[in-house]
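The values are calculated or read from the model by the stated rules, or taken from the named source; none is laboratory data. Keep in mind the model is a prediction, meaning the values are calculated, not measured. Note: ideal-geometry Cβ built from the backbone for every residue, glycine included; neighbour counts use all protein chains shown.
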Amino acid sequence: MLVCLTLRGVMQYFRSSFYHIRWGVAMGIIRDTYRYFSWRVWLLSILIFTLYGIHHIISVFFRVLDEIFHRNYKKQTIRQPVFIIASPRSGTTYLHRLMAMDDERFVYTKNAHTFFMTASFVQFYNLWKWIDRHLLFGAIKKFIAWLDKVFWGGWDDIHPMGFNKAEEDELVFAQQMLSPGVYIPFPFFHLNNASRFLDNEPPLIRQRAMEFYESCVKRFVFRAGKNKTYLAKNVMSTGRYKSLLQKFPDAKIIYIARHPYQAVPSMASMFTIMYGKKVPQDSAARKEWIRYGINFFKYSSDMRKNIASSQFYMLKYDDLLENPEESTLKIYNHFGWNVAEKFAERLRKEHVRSKNYKSTHEYSLEEFGYSKEQVYNELSEVMNELGFKK
């Protein structure tokens with residue numbers, strides 16, 4: 001009897017809410033990696049899966065610490081979370097960081113948090129910030145700034161990143177092997193259809209994925225800001241909107257619409273940046289990312305028809321860049337949120353600063369073997385609905 005009770009106690013921590021991995025996707029990547037004859041890809045896969053294994057060991061360690069020292073996270077209620085979604089490369093990062101300036105209302109993940117989204121890691125993160133500030137005279141902060149340049153320096157004008165910058169929570173899905181992002185290093189995205197749209201997965205996979213995600217959000221909010229609203233941005237969650245609303249029925253969804261002629265090739269360029277010059281621009285792998293981008297627009301059309309207006313707000317990418325202050329205040333007005341003076345002042349300063357921004361990156365569909373005519377033929381209804389010209 002004692003043995004049975006002990007086993008039951010151990011197994012309860014290995015439910016999907018404690019940890020979940022879709023092993024079939026991982027095995028598929030390994031299989032396709034070793035079919036794809038390239039020493040570069042083979043060695044890269046060994047490195048990635050080694051780091052992936054180390055990550056899981058550390059992640060489980062922090063989650064076990066939660067069960068010991070932060071067990072009340074299970075009582076944490078996630079009320080009216082806000083999810084910023086869009087087709088990739090449509091300004092979600094910018095809007096997320098604008099709204100994150102309202103730190104009296106929102107709690108949000110920084111890039112470092114997303115690696116180990118637990119109460120224990122938040123406490124560990126805050127402890128080291130205190131030690132660095134009071135005992136090490138900012139040495140860790142300077143080291144992290146150097147690491148940011150090493151790891152993310154080349155992405156500054158594509159997707160500005162840094163360990164201490166507000167960031168999407170996609171790593172929660174990637175560690176489950178339920179994110180298309182896991183294919184970014186591997187030039188065979190076209191060989192596997194798994195993990196593209198969680199809403200299209202079997203009910204049991206959706207349930208387990210969202211149980212794990214909810215657990216991560218609860219753990220994070222419990223320690224980072226239990227009386228605040230969880231603010232997340234995640235472009236891949238466009239394909240999870242039904243799953244999100246099923247788990248968080250009172251959630252607010254903010255959708256940014258960008259012209260597909262710009263968004264689709266920009267997405268394909270970003271997600272194939274690791275392929276290198278040996279994989280042709282018009283290869284099947286690169287083209288598949290174009291197809292994926294087109295499907296995002298198709299799915300977002302369904303989304304706009306199925307979410308109540310009280311929970312949904314849509315804005316245009318160009319309007320956001322042209323007037324970030326006004327665009328953000330319209331969101332607040334739509335959802336009936338008060339605008340704190342401190343936040344309003346920050347918005348005004350950001351509006352002035354943004355006037356000097358100009359992207360140096362330009363992308364075209366033709367680079368990937370597609371034409372505007374082909375995209376329009378597939379997305380004419382969506383483009384007309386959104387008011388985008390042919």
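Do we find that Lys247 is touching a Pro at 6+ places or on another chain (Cβ under 8 Å) and under 14 Å from Val82 (Cα atoms) in this structure? So Lys247 fails the test.
Within region 46-68, residues that are in contact (Cβ under 8 Å) with a residue 40 or more places away in the chain and farther than 20 Å from Val25 by Cα have Cβ atoms under 6 Å from residues that are in a helix (DSSP H, G or I) and among the small types (Gly, Ala, Ser) in these pairs: Phe62/Ser120; Leu65/Ser120; Asp66/Ala119; Asp66/Ser120, counting only partners at least 6 apart in sequence or on another chain.
Note on region 87-97: among residues that are modelled with pLDDT under 95 and not polar (S, T, N, Q), the one that is nearest to Lys218 (Cα to Cα) is Arg97. Within the set Tyr241, Tyr255, the sole residue that is crowded, with 23+ Cβ neighbours inside 10 Å, more than 26 Å from Tyr125 (Cβ to Cβ) and at pLDDT 95 or above turns out to be Tyr241. The sole residue among Tyr275, Tyr292 that is under 20 Å from Pro187 (Cα atoms), outside any helix (DSSP H, G or I), touching a residue at least 60 places away in the same chain (Cβ under 8 Å) and of a type outside the set (Val, Ile, Thr) is Tyr275. For region 243-260, which positions are small (Gly, Ala, Ser) and farther than 24 Å from Asp103 by Cβ? Ser243, Ala257 - these are the residues of region 243-260 that are small (Gly, Ala, Ser) and farther than 24 Å from Asp103 by Cβ. Candidates Arg219, Arg223, Arg240, Arg286: the one that is of a type outside the set (Ser, Thr, Tyr), part of a helix (DSSP H, G or I) and farther than 26 Å from Ala100 by Cβ is Arg286. Criterion applied to Arg79, Arg63 was being modelled with pLDDT of 90 or more, surrounded by 18 or more Cβ atoms within 10 Å (Cβ to Cβ), within 23 Å of the chain's Cα centre (by Cα) and not aromatic (Phe, Trp, Tyr), and the one residue passing it is Arg63.
Restricting region 212-231 to residues that are surrounded by fewer than 22 Cβ atoms within 10 Å (Cβ to Cβ) and small (Gly, Ala, Ser), the residue that is modelled with the highest pLDDT is Ala224. The helices (runs of 4 or more DSSP H) found entirely in region 300-390 include none that carry 3 or more residues being hydroxyl-bearing (Ser, Thr, Tyr) and touching a residue at least 40 places away in the same chain (Cβ under 8 Å). Exactly one residue among Arg40, Arg71 is surrounded by fewer than 19 Cβ atoms within 10 Å (Cβ to Cβ), among the charged types (D, E, K, R) and modelled with pLDDT under 90, and that residue is Arg40.
Residue by residue, here is whether (1) modelled with pLDDT under 90; (2) over 24 Å from the mean Cα position of the chain (by Cα) holds:
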{"residue": "Lys330", "(1), (2)": "no, no"}
{"residue": "Leu347", "(1), (2)": "no, no"}
{"residue": "Val352", "(1), (2)": "yes, yes"}
{"residue": "Tyr357", "(1), (2)": "yes, no"}
{"residue": "Tyr363", "(1), (2)": "yes, no"}
{"residue": "Phe368", "(1), (2)": "yes, yes"}
{"residue": "Glu378", "(1), (2)": "no, yes"}
{"residue": "Glu381", "(1), (2)": "no, yes"}
{"residue": "Gly387", "(1), (2)": "no, yes"}
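With respect to Gly24, determine if the residue is at pLDDT 85 or above, within 25 Å of the chain's Cα centre (by Cα) and surrounded by fewer than 11 Cβ atoms within 10 Å (Cβ to Cβ). So Gly24 fails the test. Does Lys278 qualify as being closer than 24 Å to Ile253 by Cα and either touching a helix residue (DSSP H, G or I) at 6+ places or on another chain (Cβ under 6 Å) or modelled with pLDDT under 90 (or both)? No; evaluated as a whole, the condition is false for this residue.
Quick one: is Ala209 outside any strand (DSSP E or B), out of contact with any Asp or Glu (no Cβ under 6 Å at 6 or more places or on another chain) and surrounded by fewer than 23 Cβ atoms within 10 Å (Cβ to Cβ)? No.
Residues checked against (1) aromatic (Phe, Trp, Tyr); (2) in a loop (DSSP other than H, G, I, E, B):
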| position | (1), (2) |
| --- | --- |
| Tyr52 | yes, no |
| Arg63 | no, no |
| Ile78 | no, yes |
| Ile84 | no, no |
| Met99 | no, no |
| Asp102 | no, yes |
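Can you tell me which of Asp148, Asp157 is over 26 Å from Phe248 (Cβ atoms) and either touching a His at 6+ places or on another chain (Cβ under 9 Å) or at pLDDT 85 or above (or both)? Being over 26 Å from Phe248 (Cβ atoms) and either touching a His at 6+ places or on another chain (Cβ under 9 Å) or at pLDDT 85 or above (or both) holds for just one of Asp148, Asp157, which is Asp157.
Within region 220-232, residues that are in contact (Cβ under 8 Å) with a residue 12 or more places away in the chain and over 8 Å from Val107 (Cβ atoms) have Cβ atoms under 6 Å from residues that are of a type in the set (A, V, I, L, M) and in a helix (DSSP H, G or I) in these pairs: Phe222/Ala119; Arg223/Ala119; Arg223/Val122, counting only partners at least 6 apart in sequence or on another chain. In region 163-178, of all residues being in contact with a Leu (Cβ under 8 Å, 6 or more places away or on another chain) and assigned to a loop (DSSP other than H, G, I, E, B), the one that is nearest to Phe83 (Cα to Cα) corresponds to Leu178.
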